[in-house]
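The values are calculated or read from the model by the stated rules, or taken from the named source; none is laboratory data. The structure presented is a predicted model; accordingly, all values stated were derived computationally and were not measured. To get the accessible areas, we keep the full protein, side chains included, count just its heavy atoms, and leave off ligands, DNA and RNA. Shrake-Rupley method; radii C 1.70, N 1.55, O 1.52, S 1.80 Å.
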Amino acid sequence: MSLQFVRRWVLWLLIAGVLFAVFLAYLNPHLMVDLANRLWACF
């Protein structure tokens with residue numbers, strides 16, 4: 001395997017991990033209420 005091949009796989013795994021973490025965060029309703037309150041507090 002070449003180094004470029006390994007880097008590409010690591011990059012894709014990192015992206016997939018971040019997307020999975022964001023998906024899990026949105027499943028928590030308290031997080032969504034907290035984010036909405038923080039956004040509303042800016043105005």
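For the reader, a short list of remarks on this structure follows.
- Matching option when the condition is of a type in the set (Phe, Trp, Tyr) and open to solvent by less than 100 Å² (accessible area, probe 1.4 Å), among Phe43, Phe5: Phe5
- When the residues of the chain are filtered to those that are of a type in the set (S, T, N, Q) and assigned to a helix (DSSP H, G or I), the one that is modelled with the lowest pLDDT is Gln4.
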